[in-house]
Amino acid sequence: MAKHLLKLLDLSKAEILQFLDLADQLKYEKKHGISHHLLQGKSLGMIFQKSSTRTRVSFEVGMYDLGGQALFLSPRDLQIGRGEPVEDTARVLSRYLDGIMIRTFAQQEVEDLAKYGTIPVINGLTDFAHPCQVLADLMTIREYLSKFEGRKLCYIGDGNNMANSLIVGGLKVGMEVSVATPEEYRPHPDVLAYAGEEVKKGARFILCTDIFEAAKDADVVVTDVWASMGQEDEAEKRRAAFRGYQVNEELLSVAKKDAILQHCLPAHKGEEITRDVFEKHAAEIFEEAENRLHAQKAVLVKLMQD
């Protein structure tokens, strides 16, 4: 098992499935009131350069459920916010904590924390990757569809951290993956290079600009906001670029009849998704949100348990 969760590119299919299987078990135990204090006495430091609802609450509750504690650390609380090098922060926190979760902008910051620290590091989100969210997505997809093989995952929208992680995660577990983005908002070149190598091995991957081509016969349709956190100054430009990339009833009519919908939230209803479609698929979307808790607990246990 990997020592860190920095990006899904680092994980094997077997490691992803281990996380998902444990997440299923922990979810069952929580639903049935079975305690699982697997991290008794452990402390998780949570560094937030970007704010969050789901990430903060799910990690704090997760550590409580597991018998440990979580410390919320904003840039105002740390010297890293005043210029202390990340390598020094990593070496100090490694002497106090049993694990670090960081939600930030640059992927390199996460990689450096892992490089210079001596404790597990979990990527709670960067501009490049969102592995915790996509583990929750995969967990939800398997709950609804029972298996990954022979299923098609379609992503519509910005080629952002969600697109990057969905492509990698979907291909690694054996799904067909299709992505529709505007030409100037394609996924990261490293992710496309990975997808290209997988296609050579027989995987099915499509990158296009036509949302109907991407969504055709899809079992799962996923979308995300057009302007992510930190891109507020691009909001108008992005609204213009993504105007034809809305998930609506017309788009879903070309997907499988029983296709499920996923959205990492928060949703801008009326932009990337219509309000009617969101509400029609709210059960799947909020199950996905809940599964952040269970998937992350599995990550915490796998990485932090002695």
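Points to keep in mind about this one:
- Any pair with Cβ under 6 angstrom, 6 or more apart, that starts in the stretch 280-296 at a residue that is more than 21 Å from L66 (Cα to Cα) and ends at one that is assigned to a helix (DSSP H, G or I) and of a type in the set (K, R): none
- Residue satisfying all of: in the stretch 1-26; surrounded by fewer than 20 Cβ atoms within 10 Å (Cβ to Cβ) and in contact with a Lys or Arg (Cβ under 6 Å, 6 or more places away or on another chain); modelled with the highest pLDDT among these: K13
- Verdict on N123 being within 15 Å of the chain's Cα centre (by Cα), part of a helix (DSSP H, G or I), at pLDDT 95 or above and not small (G, A, S): no
- Enumeration of residues in the stretch 201-233 that are among the charged types (D, E, K, R), without any contact (Cβ under 8 Å) to a residue 24 or more places away in the chain and under 25 Å from V168 (Cβ atoms): K201
- Within the stretch 200-223, the only residue that satisfies the criterion of being loosely packed, with under 13 Cβ neighbours inside 10 Å and part of a helix (DSSP H, G or I) is K200.
- Residue pairs meeting the criteria (Cβ under 6 Å; at least 6 apart or on separate chains; first under 14 Å from L9 (Cβ atoms) and touching a residue at least 24 places away in the same chain (Cβ under 8 Å), in the stretch 169-186; second aliphatic (A, V, I, L, M) and part of a loop (DSSP other than H, G, I, E, B)): L171/A203
- Test: residue in the stretch 27-37 that is part of a helix (DSSP H, G or I), in contact with a Lys or Arg (Cβ under 7 Å, 6 or more places away or on another chain), touching a residue at least 60 places away in the same chain (Cβ under 8 Å) and crowded, with 19+ Cβ neighbours inside 10 Å: no
- Qualifying residue in the stretch 228-235 (condition: among the hydrophobic types (A, V, I, L, M, F, W, C) and surrounded by 20 or more Cβ atoms within 10 Å (Cβ to Cβ)): no
- Residue match in the stretch 47-67 (condition: part of a loop (DSSP other than H, G, I, E, B), free of Cβ contacts under 8 Å to residues at least 40 places away in the same chain and over 15 Å from N123 (Cα atoms)): yes
- Selection count where residues are among the charged types (D, E, K, R) and within 21 Å of the chain's Cα centre (by Cα), scope the stretch 66-102: 0
- Here is the figure for the stretch 277-306: residues that are modelled with pLDDT of 95 or more and not in a helix (DSSP H, G or I) total 2.
For every residue, the table says whether it meets (1) within 26 Å of W226 (Cα to Cα); (2) touching a Leu at 6+ places or on another chain (Cβ under 7 Å); (3) among the small types (G, A, S).
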| site | (1), (2), (3) |
| --- | --- |
| T118 | no, no, no |
| Q133 | yes, no, no |
| S146 | no, no, yes |
| C154 | yes, no, no |
| G157 | yes, no, yes |
| L166 | yes, yes, no |
| V173 | no, yes, no |
| T181 | yes, no, no |
| V199 | no, no, no |
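- Of V61, V110, V86, all but one fail to be modelled with pLDDT of 95 or more and buried (at least 20 other Cβ atoms within 10 Å of the Cβ); the exception is V110.
- Checking each residue in the stretch 259-276 for being in a strand (DSSP E or B) and among the hydroxyl-bearing types (S, T, Y) picks out no residue at all.
The values are calculated or read from the model by the stated rules, or taken from the named source; none is laboratory data. Note that the structure is predicted; figures quoted are calculated from it, not measured. Note: ideal-geometry Cβ built from the backbone for every residue, glycine included; neighbour counts use all protein chains shown.
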